[in-house]
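Input: a single structure, listed below in structure tokens.
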Amino acid sequence: MFTQWRFVISRCHAVASVTACKNRFYSANAIRIRDAINSQKVGDQLKIQGWVRSIRSQKEVLFLHVNDGSCLQNLQVVADPSLHDRKLTFGSAVQISGALVKSLHKGQDVELHASDIRIIGSCDPLDNGFLQIHTPIITSNDCEGAGELFQVELAQKDKKQNDERSHFFSIPVFLTVSGQLHLEAIAGAFSQVYTFGPTFRAENSQSRRHLAEFYMVEAEMSFTEGLEDVMKVMQSLFKTVTDNVLSQCPEDVALFHKHVSPGHKEKLDRMLHNDFKVITYTEAVHILKSCSHSFAFKPEWGSDLQSEHEKYLVQHCGNVPLFVTNYPYNLKPFYARDNEDHPNHTVAAVDLLVPGIGELCGGSLREDRLSLLQSRLEMAGLSDVYHWYLELRQFGSVPHGGFGMGFERYLQCILGVDNIKDTIPFPRFSYSCLL
Ligand code: 4AD
């Protein structure tokens, strides 16, 4: 998805520049929409150019509203549905030829009866049905509830000048740890959404898989029926993006596999050509407790899986990516959906563990039931802060879920890079922020 996202951006640039060239060519004999509307030359054959503001496709007729920026009003275009190209979407740049006729509709004197619709620049903001959302970097929430936040404050000099204001935003704000909660709000309107951007964690860790600033691809889906829906997207994201990387830049990947991680190509092939495995957290603890391996941290039901545990589990399950599901209620953040099970109380959360790294993705079904979410937030003393989040469950709440994949860990995984700091040009971690 990330690769596709980058392609979408470059395609946008390409399409925009091609469109600009074509526009010069086309515009010679096209009429501005303002002039078409004002001319009232009913019966004239015209050619207009602009962007599609709405599309209504009925069995017998296709309606478009087109605007070229020459006036506020859109021109209604009426066409035979056979002229409806799959690529004709909201935002497409089009050139339409046809006859200007008197309109029977209120609010417009004329409309264009199209004989030809040409798409000059397609507009495809959806990536496999997922709409990209830019979630904010500055936020007032701590999505993960772990308190690993960098607070954003005015620099000292400005602080003095702004003595009367203790906070620029009037409330404490932080660098985002995850765009999830914003995605959840937007998924309530667009069903399937994703974001790709920097995230920040003040984890005081010098480990080979932690950064203070890292990138995350996050997806959120409405109308999920179970954790399987979330796992399916995780697996397909991993495989599709990796296939793309391997086909688009084979030399770069081969260079890594030859000089940095000999033997990694075969490991990657195994990940790509096998279905990912699934076990529950309870099964995972059972495997860890009954094996002869000695761990630095003793595995116990109710405790977090440590990196050594995750690596062992992946090996035990055949060195293919492994989903671990249904974690203890107390281990996961407030948003995870309560499984309401006994005696082991778990939530519908899932982590994807990969060979050599451990956790690559973290996700869950979200608690969509108002009463359960409310009581969990109240217990954590957070119901005021997350008032807006609770409201999402009051007005048209749907079962939904999603996940986040750490981008630098993903690069570690496919390239076989041992230390996460080698996957990013300017790594930030505790006691180190060079440049
Ligand atoms: O498991 P995490 O904390 O999940 C979330 O943030 C969810 N809100 C995501 C969601 O559901 N939308 O983080 C997701 C992934 C981890 O699996 C890991 O790959 C990566 O982000 N990650 C880190 N990568 C590098 N350095 C760190 N300090 C990281 N912390 C998490």
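The values are calculated or read from the model by the stated rules, or taken from the named source; none is laboratory data. Only a predicted model underlies this, so the values are computations on that prediction, with no experimental measurement involved. We place every Cβ from the backbone using ideal geometry, glycine too, and count neighbours over all the protein chains shown. Note: accessible area is taken over every heavy atom of the protein model, side chains too, but ligands, DNA and RNA are not part of it. Shrake-Rupley method; radii C 1.70, N 1.55, O 1.52, S 1.80 Å.
The set of residues in region 212-255 being more than 16 Å from the ligand (Cβ to nearest atom) and touching a Pro at 6+ places or on another chain (Cβ under 8 Å) consists of 223, 225. Give the residues of region 379-407 that are of a type in the set (D, E, K, R) and either open to solvent by less than 10 Å² (accessible area, probe 1.4 Å) or under 13 Å from residue 335 (Cα atoms) (or both), sorted by residue number. If the condition is that a residue be of a type in the set (D, E, K, R) and either open to solvent by less than 10 Å² (accessible area, probe 1.4 Å) or under 13 Å from residue 335 (Cα atoms) (or both), then 393 is the only one that fits.
Which members of region 202-211 meet the condition of being under 16 Å from residue 360 (Cα atoms) and within 9 Å of the ligand (Cβ to nearest atom)?
207, 209, 210, 211 - these are the residues of region 202-211 that are under 16 Å from residue 360 (Cα atoms) and within 9 Å of the ligand (Cβ to nearest atom).
The set of residues in region 186-235 that are in a helix (DSSP H, G or I) and either acidic (Asp, Glu) or more than 12 Å from residue 402 (Cβ to Cβ) (or both) comprises 188, 189, 190, 228, 229, 232, 235. If you filter region 353-378 down to residues that are in contact with an Asp or Glu (Cβ under 7 Å, 6 or more places away or on another chain) and of a type in the set (A, V, I, L, M), you find that the one that is most open to solvent (accessible area, probe 1.4 Å) is 372.
Select, from 53, 118, the only residue that is charged (D, E, K, R), in contact with a His (Cβ under 7 Å, 6 or more places away or on another chain) and either at pLDDT below 95 or not in a loop (DSSP other than H, G, I, E, B) (or both).
53
Going by the conditions given, is residue 304 farther than 30 Å from residue 374 by Cβ, part of a loop (DSSP other than H, G, I, E, B), open to solvent by 60 Å² or more (accessible area, probe 1.4 Å) and among the acidic types (Asp, Glu)? No; evaluated as a whole, the condition is false for this residue.
Which residues, counting only those in region 121-136, are open to solvent by 70 Å² or more (accessible area, probe 1.4 Å) and either at pLDDT 80 or above or under 24 Å from residue 200 (Cα atoms) (or both)? Selection gives 134 alone.
Please identify the pairs in which a residue from region 141-156 that is of a type in the set (Asp, Glu) has its Cβ atom under 8 Å from the Cβ atom of a residue that is open to solvent by 50 Å² or more (accessible area, probe 1.4 Å) and outside any loop (DSSP other than H, G, I, E, B), counting only partners at least 6 apart or on another chain. So the pair list comes out as 153/159.
Selection over region 249-299 of residues that are closer than 28 Å to residue 232 by Cβ, exposed (fewer than 13 other Cβ atoms within 10 Å of the Cβ) and free of Cβ contacts under 8 Å to residues at least 40 places away in the same chain gives a count of 5.
Within the option set 262, 299, being more than 30 Å from residue 423 (Cα to Cα), of a type outside the set (Val, Ile, Thr), over 24 Å from the mean Cα position of the chain (by Cα) and away from the ligand (no atom under 15 Å from the Cβ) holds for one residue only, 299.
When the residues of region 166-180 are filtered to those that are in contact (Cβ under 8 Å) with a residue 24 or more places away in the chain and among the small types (Gly, Ala, Ser), the one that is farthest from the ligand (Cβ to nearest atom) is 179.
Taking residue 347, is it in a strand (DSSP E or B) and either without any contact (Cβ under 8 Å) to a residue 40 or more places away in the chain or farther than 27 Å from residue 270 by Cβ (or both)?
Details: in a strand (DSSP E or B): yes; either without any contact (Cβ under 8 Å) to a residue 40 or more places away in the chain or farther than 27 Å from residue 270 by Cβ (or both): yes.
Judged against the criteria, residue 347 is a match.
Which residues, counting only those in region 246-279, are over 14 Å from residue 355 (Cβ atoms) and not in a helix (DSSP H, G or I)? Listed by number, the residues that qualify are 249, 260, 262, 275, 278, 279.
Report whether or not residue 93 is closer than 27 Å to residue 196 by Cα, in contact with a Ser or Thr (Cβ under 8 Å, 6 or more places away or on another chain) and either open to solvent by less than 30 Å² (accessible area, probe 1.4 Å) or modelled with pLDDT of 85 or more (or both).
yes
Evaluating residue 124 against the criteria (1) free of Cβ contacts under 8 Å to residues at least 60 places away in the same chain; (2) under 30 Å from residue 182 (Cα atoms); (3) acidic (Asp, Glu) leaves one unmet condition, (1).
Considering only region 331-376, state which residues are away from the ligand (no atom under 15 Å from the Cβ) and among the charged types (D, E, K, R). Selection gives 338, 340, 341, 369, 376. At least 1 residues being under 20 Å from the mean Cα position of the chain (by Cα) is the threshold, and among the helices (runs of 4 or more DSSP H) wholly inside region 351-432 those reaching it are 387-392, 407-415.
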